[in-house]
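Chemist: First, the structure itself, so that you have it in front of you.
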Amino acid sequence: MKKLIVANWKMNPQAAPDAKRLVALIEHRMHAVSANTEVVVCPPFVYLPALMHYTKGVELGAQNMSWADAGALTGEISAGMLKQWGVGYVILGHSERRLYLGETDSVVNAKITEALKNKIIPIVCLGGETGAIKAEMKNLVTKQFIKVTKDLDKKQLSKIVYVYEPVWAISTMKKSEPATGEHAFELIEHIYGLLEHRIGKAEARNIRVLYGGTVNKNNVHEYAKYPQIDGALVGAASLDADNFWQVVSEFNREAIHRA
Ligand code: PGA
């Protein structure tokens, strides 16, 4: 299974030429890692049409999408529209959407179903809730997992990429603090446990579970050294091509080392 590194650009950069430059810098280095590592870039929606043509080696993802396929939903973007821009992945359940935009588990659940129906792979974040503290993460992740995957069958569950992304580890949060590798590993094993319970061990271990929260060139080894951590969701560091590339390279090195 290839490692997966997802760049979450959030509401950046501010102009299309910068978005194109950033993708081009990643794209032209991909040949060196593509045998073992995939990269998904998730820009703001408005850059997707322009970036479609720059992304041979990297895949395009969206940062959100609607739970509905069409209709009177001001400001929303459907899965069908995303497909036209070459989008193959979508980040769902990100803590910023929960905290600032009021997204709930049931909305995330409906969006996952809609993405899967349209053959877009959901990248589902677990661990984001206001005030969540470290000691409670297992309970929180369990609760979110049960709610956002409610009514999904085995096949649907196995098509999702899961991310353990504790809200307190996101670089832009007040007093943020990246998770230790050990904590990330423990919670990722916990997510595998939840998956095993629903779909069996062999199937569960074929699913990718990533870590997110202040991953950058300085700390990536903390996470990449665990073979169970299949990659990372990278925010701030993904806006700096060199920093991001070092994250990709480190996971790639570990993948080769274990192959
Ligand atoms: P960060 O963001 O890497 O800046 O902490 C990660 C995310 O919010 O997805």
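Chemist: State whether one or more residues within the range 105-114 are surrounded by fewer than 18 Cβ atoms within 10 Å (Cβ to Cβ), within 16 Å of the ligand (Cβ to nearest atom) and of a type outside the set (Asp, Glu).
Modeler: No, the range 105-114 contains no residue that is surrounded by fewer than 18 Cβ atoms within 10 Å (Cβ to Cβ), within 16 Å of the ligand (Cβ to nearest atom) and of a type outside the set (Asp, Glu).
Chemist: All but one of (1) at pLDDT 95 or above; (2) over 15 Å from the mean Cα position of the chain (by Cα) hold for residue 120; which doesn't?
Modeler: (2)
Chemist: Kindly establish whether residue 52 is at pLDDT below 95 and over 22 Å from residue 235 (Cβ atoms).
Modeler: Answer is yes for this residue.
Chemist: Across the range 21-55, what is the number of residues that are over 15 Å from residue 87 (Cβ atoms) and either open to solvent by 40 Å² or more (accessible area, probe 1.4 Å) or outside any strand (DSSP E or B) (or both)?
Modeler: Number satisfying all stated conditions: 15.
Chemist: So residue 187 passes all but one of these: (1) away from the ligand (no atom under 15 Å from the Cβ); (2) touching a Ser or Thr at 6+ places or on another chain (Cβ under 8 Å); (3) open to solvent by less than 30 Å² (accessible area, probe 1.4 Å); (4) not in a loop (DSSP other than H, G, I, E, B). Which condition number does it fail?
Modeler: Failed condition: (2).
Chemist: I need a count of the residues in the range 206-259 that are more than 12 Å from residue 1 (Cα to Cα), touching a strand residue (DSSP E or B) at 6+ places or on another chain (Cβ under 7 Å) and outside any helix (DSSP H, G or I).
Modeler: Counting residues in the range 206-259 that are more than 12 Å from residue 1 (Cα to Cα), touching a strand residue (DSSP E or B) at 6+ places or on another chain (Cβ under 7 Å) and outside any helix (DSSP H, G or I) gives 8.
Chemist: Open to solvent by less than 10 Å² (accessible area, probe 1.4 Å) and under 19 Å from the mean Cα position of the chain (by Cα): which single residue out of 101, 82 fits that description?
Modeler: 82
Chemist: Exactly one of (1) open to solvent by less than 20 Å² (accessible area, probe 1.4 Å); (2) over 19 Å from the mean Cα position of the chain (by Cα); (3) away from the ligand (no atom under 16 Å from the Cβ) is unmet by residue 75. Its number?
Modeler: (1)
Chemist: Which one of these does residue 100 not meet: (1) modelled with pLDDT of 95 or more; (2) under 17 Å from residue 66 (Cα atoms)?
Modeler: Looking at each condition in turn, residue 100 falls short on (1).
Chemist: Could you please let me know if residue 13 is of a type outside the set (A, V, I, L, M, F, W, C) and assigned to a helix (DSSP H, G or I)?
Modeler: Criteria not met by residue 13.
Chemist: Right, here's the next one. I want to confirm something. Restricting to the range 212-243 and keeping residues that are closer than 16 Å to residue 41 by Cα and more than 10 Å from the ligand (Cβ to nearest atom), which single residue is surrounded by the most Cβ atoms within 10 Å (Cβ to Cβ)?
Modeler: Out of the qualifying residues, it is 231.
Chemist: Further, regarding this structure: Could you list, in sequence order, all residues of the range 143-167 that are away from the ligand (no atom under 16 Å from the Cβ), in contact with a Gly (Cβ under 9 Å, 6 or more places away or on another chain) and open to solvent by less than 40 Å² (accessible area, probe 1.4 Å)?
Modeler: Once the filter is applied, which keeps residues that are away from the ligand (no atom under 16 Å from the Cβ), in contact with a Gly (Cβ under 9 Å, 6 or more places away or on another chain) and open to solvent by less than 40 Å² (accessible area, probe 1.4 Å), the range 143-167 yields only 148.
Chemist: A follow-up question, please. Mind listing whichever residues of the range 56-88 are part of a helix (DSSP H, G or I) and touching a residue at least 24 places away in the same chain (Cβ under 8 Å)?
Modeler: Within the range 56-88, 79, 80, 82, 83 qualify.
Chemist: All but one of (1) open to solvent by 50 Å² or more (accessible area, probe 1.4 Å); (2) within 15 Å of the ligand (Cβ to nearest atom) hold for residue 170, so report the exception by its number.
Modeler: Of (1) open to solvent by 50 Å² or more (accessible area, probe 1.4 Å); (2) within 15 Å of the ligand (Cβ to nearest atom), only one is false for residue 170: (1).
The values are calculated or read from the model by the stated rules, or taken from the named source; none is laboratory data. If you're wondering where the values come from, they're calculated on a predicted model, not measured in any experiment. Reconstructed Cβ throughout: ideal geometry from the backbone, glycine too, with neighbour counts over all protein chains shown. Note: areas computed on protein heavy atoms with side chains; ligands, DNA, RNA excluded. Shrake-Rupley method; radii C 1.70, N 1.55, O 1.52, S 1.80 Å.
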